[in-house]
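K.L.:
Before anything else, here's the structure in question.
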Amino acid sequence: MNIIKKTLLTFFIGTLITTSSHIAFAGEAATSSAKSIEETITHIEKALTEVNKSDFAAAQVHLKAARETSDQITGHEIMVKQGNGSVIQGMIQARKGDVAKSAEELTKALGFYKSL
């Protein structure tokens, strides 16, 4: 009888430890995703400021960084894809030197990421 009790107790403790480690991992992922969203928004805002100043080289640096940080966002795949599409269009318009269209696309991208 003692062997059965010890076996069940060991099994229960093992299950408890395994479950708690998975919960901790999920919490880290959510925190990392939220941080990535904030970083992406910050880079897009900085790029928008640079585009409005017609400093397209600095804007390109921030837009590339925004795309890299947006790859780390988990969940919300559709919104991230739409936001990335607007960032890419903003990059294209910035390369062409079109301030108005680039600013418009970056503003749309900000809307997508802020809705997350």
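The values are calculated or read from the model by the stated rules, or taken from the named source; none is laboratory data. In this text, all values refer to a predicted model and were calculated from it rather than measured experimentally. Because the Cβ atoms are built from the backbone with ideal geometry, glycine has one as well, and the counts that use them run over all protein chains shown.
K.L.:
Across segment 27-54, what is the number of residues that are of a type in the set (Val, Ile, Thr) and farther than 19 Å from Lys108 by Cβ?
P.N.:
Adding up the residues that qualify gives 1.
K.L.:
Taking the conditions exactly as written (assigned to a helix (DSSP H, G or I), out of contact with any Cys (no Cβ under 8 Å at 6 or more places or on another chain), modelled with pLDDT of 95 or more and β-branched (Val, Ile, Thr)), does Ile23 satisfy them or not?
P.N.:
Criteria not met by Ile23.
K.L.:
Ok, one more. When Ser70 is evaluated against the numbered criteria (1) buried (at least 21 other Cβ atoms within 10 Å of the Cβ); (2) hydroxyl-bearing (Ser, Thr, Tyr); (3) touching a His at 6+ places or on another chain (Cβ under 8 Å), which criterion, by number, is the only one it fails?
P.N.:
(3)
K.L.:
Can you tell me which residue is farthest from Thr42 (Cα to Cα) among those in segment 83-102 that are small (Gly, Ala, Ser) and surrounded by fewer than 17 Cβ atoms within 10 Å (Cβ to Cβ)? Let's see the steps before the verdict.
P.N.:
Residues of segment 83-102 that are small (Gly, Ala, Ser), as a first pass: 83, 85-86, 90, 94, 97, 100, 102.
Checking which are surrounded by fewer than 17 Cβ atoms within 10 Å (Cβ to Cβ) leaves us with 85, 97, 100.
Numbers: Gly85: 17, Gly97: 22, Ala100: 20 Å.
Only one residue tops the list, namely Gly97.
Per-residue answers, yes or no, for (1) of a type outside the set (S, T, N, Q); (2) within 16 Å of Leu110 (Cα to Cα):
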residue: Phe56; (1), (2): yes, no
residue: Lys64; (1), (2): yes, yes
residue: Thr69; (1), (2): no, yes
residue: Met79; (1), (2): yes, yes
residue: Gln82; (1), (2): no, yes
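K.L.:
If you don't mind, there's one more thing I want to ask. Does Val80 fit the bill of being of a type outside the set (D, E, K, R), surrounded by 19 or more Cβ atoms within 10 Å (Cβ to Cβ) and on the phi < 0 side of the Ramachandran plot?
P.N.:
Yes, satisfied.
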